[in-house]
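A short write-up of the structure that comes next.
Please treat every number below as a calculation from the coordinates, not as lab data. Model, not experiment: these values are computed from the prediction. Virtual Cβ from ideal backbone geometry, glycine too; neighbours counted across all protein chains shown.
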Amino acid sequence: MTNIVRTIQRASNLSREFLSRLEDEIREVYCGDDRPWVIGYSGGKDSTTALQLVWNALKALPQEARKKPVYVISSDTLVETPMIVDYVDRTLDQINVSAKAAGLPISSHKVVPEINDTFWVNLIGRGYPVPSTQFRWCTERLKISPANAFILERVAEFGEVVMVLGVRSAESNTRAQVMSLHKISGSYLSRHSTLPKAFVYTPIESFTVDDVWTYLLQVPSPWGGNNRDLVTLYRNAQAGECPLVVDTTTPSCGNSRFGCWVCTVVNRDASMEAMVENGEEWLEPLLDFRNRLSSLQDSALWPSIRKYKRRDGRVKSKDGTPQPWGPYTIEARKDLLRGLLEVQRTIAAVEGHGNAELIRKGELEAIRAIWRLEEHDWADSVPTIYREVLGEPVAWIKYETPVFSSDEQDALHAICDRHELPVEMVAKLIEVERSLQGMSRRASIQRKLASVFEEDWRTTEELLANNAVEEHS
């Protein structure tokens with residue numbers, strides 16, 4: 001990354017005349033129609049610059065012209081670096097207070113993924129492998145879907161919306177091509193790549209990195225923030241920003257960024273390493289756990305931590321090896337949950353971070369339900385692990401249908417061993433019956449039972465033996 005101190009000392013292409021013309025353009029676009037604006041704000045330098053420009057442009061309008069609402073949305077994946085979360089939360093609060101005081105139609109909103117889409121529910125609950133360049137399941141669930149849900153709500157309310165994004169064509173040649181591809185002839189707007197009733201406005205499209213930093217350090221934050229705090233964040237993290245992602249064309253965070261502290265798409269988290277080196281030692285347990293997650297990409301570990309069968313019940317193998325491997329085993333997921341809670345306990349013990357919450361109660365309940373229904377966790381392990389690690393009393397959901405005990409699970413194992421039946425298959429059949437217990441209509445039970453029998457219930461040893469026979473036949 002360009003050295004920030006050196007960057008802000010350089011001459012920039014910005015001038016008062018240029019900024020005045022740009023603010024005139026922003027006012028022209030704002031007053032040109034009745035479509036509300038949705039500004040994507042990530043807390044980084046580019047989105048801050050775009051928001052400041054819009055704020056200052058609208059402030060110069062007469063009160064009667066400030067008719068359209070402007071929604072500032074920030075996407076919290078729930079696994080953001082804690083320091084960034086604190087900074088963005090403070091800023092969103094400042095925006096709401098200052099906008100109201102200034103009579104501006106600006107309001108800030110945080111969007112988060114649905115509980116069943118969160119990182120921990122998918123990784124620890126369903127056993128999804130950690131994200132990689134080949135299987136980046138996180139972006140759609142954690143970023144795109146929450147942001148688009150907010151946009152679609154505004155579309156339903158107003159008919160159409162304009163997205164204001166702090167993206168620059170200088171970020172990459174690919175980004176420049178994408179931005180030009182969707183441009184509307186004779187307009188400042190572009191078409192949104194996936195949402196038909198959303199349009200995109202990019203006021204800082206022509207800015208360079210130097211322009212962005214020059215602007216932020218010369219123009220004070222209009223909502224009462226301090227842009228030098230942002231400079232400090234970048235300097236300490238030695239990072240580029242992770243933008244608000246609204247579609248698959250938005251650039252990823254890259255190899256040097258602050259964003260999700262659990263990111264395993266990159267080889268190493270240079271930004272968090274830099275934060276630790278610059279005095280934020282309390283982040284070290286998070287960095288260690290992130291590195292532990294990254295190590296799970298080692299294929300040599302997969303036979304011991306992943307299932308040979310995928311979540312849809314199928315097995316696809318090559319030379320006796322599952323292709324690809326299925327989700328993490330329930331034991332591996334229990335180890336990950338225990339490790340995560342231990343990190344949370346460690347962070348909470350550090351002065352000033354006692355409210356640290358790396359995984360939320362709703363996520364724990366979702367994981368508990370998945371383990372109970374899909375993994376036949378009759379021992380109800382989530383509350384047990386939580387109590388053993390954190391020792392805190394928690395009111396867990398009490399299920400209406402009875403939960404089998406670990407003794408009954410042992411009995412099931414003994415019966416299945418005696419009759420040479422797959423324990424998981426029988427447990428799943430029992431779960432189908434129990435899920436329909438008490439219902440007046442049970443027409444679907446035959447279909448559900450049949451789908452269980454159609455799954456591949458061979459053991460790994462049987463799979464290897466079968467492939468060996470096929471190779472020699």
Check your understanding: In nanometres, what is the gap between the two model label sites at Thr329 and Glu388, each 7 Å from Cα along Cα-to-Cβ?
Key -> 1.6
Review point. What distance in nm separates the simple spin-label points at Glu17 and Glu273, each placed 7 Å from Cα in the Cβ direction?
Key: 4.7
**Study point:** Segment Ala348-Asp93, extension gain: residue separation times 0.36 nm, minus the distance between their alpha carbons
**Key:** 89.4 nm
Practice item. For each pair in Lys67/Lys197; Lys45/Lys100; Lys67/Lys100; Lys334/Lys448; Lys68/Lys100, compute the distance between the two Cα atoms and list the pairs where it is over 18 Å. Key: Lys67/Lys197; Lys45/Lys100; Lys334/Lys448
Practice item. Note the full-extension length gain between Lys68 and Glu433 as 0.36 nm times their separation in residues minus their Cα-Cα distance, in nm to one decimal. Key: 126.0 nm
